[in-house]
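Data first, discussion second: the structure below is written as structure tokens.
The numbers here are math on the coordinates, done by the rules we state, and not lab data. As the structure is a prediction and not an experimental result, all values here were calculated from the model. So basically every Cβ, Gly included, is an ideal-geometry build from the backbone, and we count neighbours across all protein chains shown.
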Amino acid sequence: MTDVTSEDKPLPVREPGFVRRTLARPATRFGAVLVLIHLVLALFSPWLAPHSVSALLGAPLQPPSSQFWLGTDQLGRDYLSRLISGGQVALLVSFGGVSVSLVAGTLLGLIAGYRGGLVDETIMRVVDTMMSIPELILIAVLALSFGKDLLALTAVVAVVYLPGVVRVVRAKTVTLAALDFVRAAELRGESFWAVLIRELLPTLVPLLGVELGVRISSAVLKISALSFLGLGISQPTPDWGLMVQEAMGVIYTDPWFLLFPALMLSSLIIGINFLVDGISRAAEPVDGGGSIVGNSPAYRG
């Protein structure tokens, strides 16, 4: 009599999607909620704000009341309305400037890392020269030169963050260019630009997503610092950095004028950082058992 045994085949483990992996950690979900709240406030502030941000509605420095929930500022404007709208400038300038720097920096980094030689040396010399200047000093000098309007500040952010993106992308491209999938594309007769766009660029997408979030967080803080120093957006446009500067004169008598914009600014930066951390963790490839795969060309080096 023969015993017949059969081996049970394990059911394939379905890997969770990118969004689910990103939001798997409570800290990431908390960060996503904070960022979403700030985006809603920035986009819909004209309808959410109870009063005009520039209208003089009452006596200066009124305490919170049923009419003005957070009181009025030094000029008699509704403080809550200006607080709700205060993130528009920082988010718009930061996202616009960092996006431009990411596109231009990725292109230059890919060319420098893959072409090498004189092209690489020339690009990196310019990058090293720009990065030798502290970011806050560079952004302040450029703001004084370009002006204080939204377009000028967006251009300033793009220029300041461009060299950092070039350096990161170039370093990753140098590593990827030596791998087999790039060599195979070259043996197939793919052109220079085809290798950059079809082979190298897709493997950089997770890295670029993290770079976008990290640099937006940094840019928000620096744009607010410019406004605090009087080099950013000027009155009557509401801005959290400008509101912090104005609150310094009444910090001992009306401390909430400093507290609320500082809380809004810090919550936005914390939310972005938590969300970026979740994105970077989710971008790491995993096998069926949940272990990180280390031999994917996009994550080597």
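Quick notes on this one:
- Rounded to 10°, Cα long-axis angle of helix 117-131 versus longest principal axis of the chain: 30 degrees
- The simple spin-label model puts a point 7 Å past each Cα toward its Cβ; for S52 and W256 those points are separated by 2.4 nm.
- For the chain, a simple Cβ point-charge model (Lys and Arg +1, Asp and Glu -1, everything else neutral) yields a dipole of about 180 debye relative to the Cα centre.
- Label-to-label distance, nm, for residues given as V141 and R125 (7 Å Cα→Cβ offset): 1.9 nm
- Hull-based mean projected area of the chain, where the convex hull spans the alpha carbons, in square nanometres: 24.2 nm²
- Positive-pole candidate from H38, A194, A171, dipole of the chain, charges at beta carbon: A194
- Taking every alpha-carbon pair within the range 68-117, the share separated by more than 15 Å comes to 65 percent.
- Helix 87-115 vs. the chain, principal-axis angle (Cα, 0 to 90°, nearest 10): 30 degrees
- Rg(Cα) / (2.2 N^0.38 Å) computed for the range 187-258, rounded to two decimals: 1.96
- Cα long-axis angle, helix 26-48 against the chain (0 to 90 degrees, to the nearest 10): 50 degrees
- The ratio of the alpha-carbon radius of gyration of the range 220-284 to the globular-protein estimate 2.2 N^0.38 Å is 1.37.
- Contour minus Cα-Cα distance for R281 and S191 (0.36 nm per residue): 29.1 nm
- Helical content of the chain, expressed as a calculated mean residue ellipticity at 222 nm, amounts to -21500 deg cm²/dmol (DSSP H runs of 4 or more residues, -39,500 (n - 2.57) each, divided by residue number, nearest 500).
- Inter-site label distance for I133 and R115 at 7 Å from Cα along Cβ, in nm: 2.4 nm
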